[in-house]
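Below: the structure, in structure tokens.
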Amino acid sequence: MSETTTISEPTTSNDIREERLERWVKQPPVGPNMQYLRDAERVAALDHLGHRDTVLDLASESTLTVGIDADEVVRLDFSADASETAREELGDRVDIYEVTEPEAPRLPFPDNHFDGAVCIGPYDWKFLDVAGLTDEVHRVTTADGLYVFSVPTPRSPYAANGNNRFYEPEEALDIISPGWTLTDYDLLFQYPRPLHLGINSLPESLQERFVTVSERLTEQLTEREMWHRASYIVLAARPMKFKSYLQRGVESLFRPTGENGFWDEVTDSIIRALNYEIDGDSVTWSRDESREWRYATMAMMGVLNWRASSVGSDRHDKKIHREFEYFDEHIASGELLNEMPSYGLGPLLSAYATAATVFDEKRESYLDSARTLFDHAVETVEFDHAEDSLVLYGATYLLEADPTDERVRAFVKRGLSEISDRRATEGLFHFDNATTRRHQNQMYTCWALARAIEVTGQTGYLTDVESALDYTIEHRMRKDGAFIWEDLPFYARIPGEIRNRLTERTPYWQYLYECHQTFFVNAVAHYYDAGGENDYTQAVRRAMAWVFETNGTGRDLVDVSGIGVPMRQVTVDGRMDNRQFTSGWRDQQYKGTYEVGSYVMALTHLLDGTIN
């Protein structure tokens, strides 16, 4: 925001807006203290942008437009008069001029068109649809592109006027949550309002001294902890192209194992996992020959969640049906039910029930299979183990597919009540199994409760989900966005540390897993679907950013794997190759299809509007 000279008031609010937009393009001269902010914003923005092929300038002040280093510059303004003023001021320095309405911005450009975009100033304006504009910029920006924009904070000396929009740091981050990842920022200092106004009244030579101090104080505002001292924030963000990630994730499940996919062309089914070896920057994949039923069941849960969503397609329907035929064969033989643990049974029940709502021609067949699984669950599940929560989760989809089944409804209500009773004062759920406090078990429980709340309407239980999510963010989410497996006290880790030294094996609390990120995202998505109102979007953004950027390796874990899904884990000291000392252990060097299922489901939730 830049100060301007006083003018006579236009007769209508629309006239005020139009004059402001036109005047913004070419700012009138101001004194050094006011010019300092204009210059600081411009320098920071252009420094972040660097050289780009094609840059979209969204109504920045014209001196910034002049400074853009790009092969092509496209400028968009929010009124025809403002655009004409820009054309008169900038001429052929801009290649294309466009206009859109600020209340409903639509960018007349194709997807993934610009590798850079900049917007310095307009995010102040109350009449601008900030969320809509940011979404549109996301659409037209390439995956490796950069968006630079500025926002004023309540520390701005102009906040007292009340004529503009001001953002606390958390609100600034909300603008880019969860579809963007923050790559850099600059914090700009301004004097408090009384001092600022007093400096403006001084001769320019005296103002310069205060400007020098402002510049020095701006240089000292470098850490995230200092955001609350800044008057302006210039943010640089990269779009998270979740659609591309999702497409590659789904594709991996149905790609043959001979091509480093998870589809066995002999049995026509999804395998348990792919194993990997790392040699420098090279990752070599091989088929895992073992079988655990729970892996493919969660993969299918994720696939059907995607298939039933607004972003799903029928591209893989043939293999989806064949996978269910494979499960049916083993259900009929009794093998699957005898060997399937509850945390495999629940996801498969979910997959069958969802398939019944997607494929009309196979509805009754898939419902029959889902009911067979449900009957087995009723006989075997007591909700005394954390993994039993996933059976409740699966049952909610069966109830949704057939709301008239009172037996399923009673089971869901019982599960909701009994699992809620497991919540301890700390906020987590305590079951009888030894691994009850581990992150994945707590998130599974959140999935189940939120889904049960959604299908029964018993929103009073939402506080149970909130308590677990709040505890997880406060006590288990690291600064880099990763979730630790379990927050054990030091004394409880001593035996494991001793075993680590004796057996050369990494203790589990030193692993950071990609699937733990998506387990959390899915819990938040289900919480919102159930009617939850707490804001967890920043935590979601941080959680997903760890997978693609902030994981300690400095690399996108999908790019590292080369197979369309993220690597399985990164240790707390930044290793993906689980080899220590001389002999090494490789028990964590695989990618399980259950992880892919949760990953696909999380990306689906991010794309279909569940998490905004």
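Some points to look at:
- Residues of region 50-89 that turn out to be over 34 Å from the mean Cα position of the chain (by Cα) and more than 22 Å from Ser150 (Cα to Cα), as a count: 7
- From the options Leu449, Leu399, Leu488, Leu462, residue that is free of Cβ contacts under 8 Å to residues at least 60 places away in the same chain and either under 18 Å from Ala351 (Cα atoms) or open to solvent by less than 30 Å² (accessible area, probe 1.4 Å) (or both): Leu399
- The single residue among Met576, Met567 that is part of a loop (DSSP other than H, G, I, E, B), in contact with a strand residue (DSSP E or B) (Cβ under 6 Å, 6 or more places away or on another chain) and in contact (Cβ under 8 Å) with a residue 60 or more places away in the chain turns out to be Met576.
- Subset of region 39-61 [over 16 Å from Cys119 (Cβ atoms) and acidic (Asp, Glu)]: Asp39, Asp53
- Lone qualifier among Val148, Val94, Val130 - being touching a Cys at 6+ places or on another chain (Cβ under 8 Å), surrounded by 15 or more Cβ atoms within 10 Å (Cβ to Cβ) and either among the aliphatic types (A, V, I, L, M) or not assigned by the TED database to the domain that holds Asp174 (or both): Val148
- Subset tally (residues that are in a loop (DSSP other than H, G, I, E, B) and either over 17 Å from Leu390 (Cα atoms) or under 21 Å from the mean Cα position of the chain (by Cα) (or both)) for region 436-482: 7
- Total residues in region 415-435, condition surrounded by fewer than 17 Cβ atoms within 10 Å (Cβ to Cβ), touching a residue at least 12 places away in the same chain (Cβ under 8 Å) and either in a helix (DSSP H, G or I) or touching a Lys or Arg at 6+ places or on another chain (Cβ under 9 Å) (or both): 1
- Filter result for Asp111 (open to solvent by less than 20 Å² (accessible area, probe 1.4 Å), at negative phi, out of contact with any Asp or Glu (no Cβ under 8 Å at 6 or more places or on another chain) and at pLDDT below 95): no
- Residue pairs meeting the criteria (Cβ under 7 Å; at least 6 apart or on separate chains; first at positive phi and not assigned by the TED database to the domain that holds His138, in region 166-195; second modelled with pLDDT of 90 or more and buried (at least 21 other Cβ atoms within 10 Å of the Cβ)): none
- Test: residue in region 541-549 that is touching a residue at least 24 places away in the same chain (Cβ under 8 Å), assigned to a loop (DSSP other than H, G, I, E, B) and open to solvent by 10 Å² or more (accessible area, probe 1.4 Å): yes
- Considering Glu259, Glu208, Glu219, the condition of being charged (D, E, K, R), over 22 Å from Val540 (Cα atoms), without any contact (Cβ under 8 Å) to a residue 40 or more places away in the chain and not assigned by the TED database to the domain that holds His321 is satisfied by Glu219 alone.
- Considering residues of region 223-271 that are closer than 30 Å to Glu292 by Cβ and basic (Lys, Arg) only, the residue least open to solvent (accessible area, probe 1.4 Å): Arg255
The values are calculated or read from the model by the stated rules, or taken from the named source; none is laboratory data. Worth saying up front: this structure is predicted, and the values here are computed from it rather than measured. Virtual Cβ from ideal backbone geometry, glycine too; neighbours counted across all protein chains shown. Surface accessibility is based on the protein's heavy atoms, side chains included, excluding ligands, DNA and RNA. Shrake-Rupley method; radii C 1.70, N 1.55, O 1.52, S 1.80 Å.
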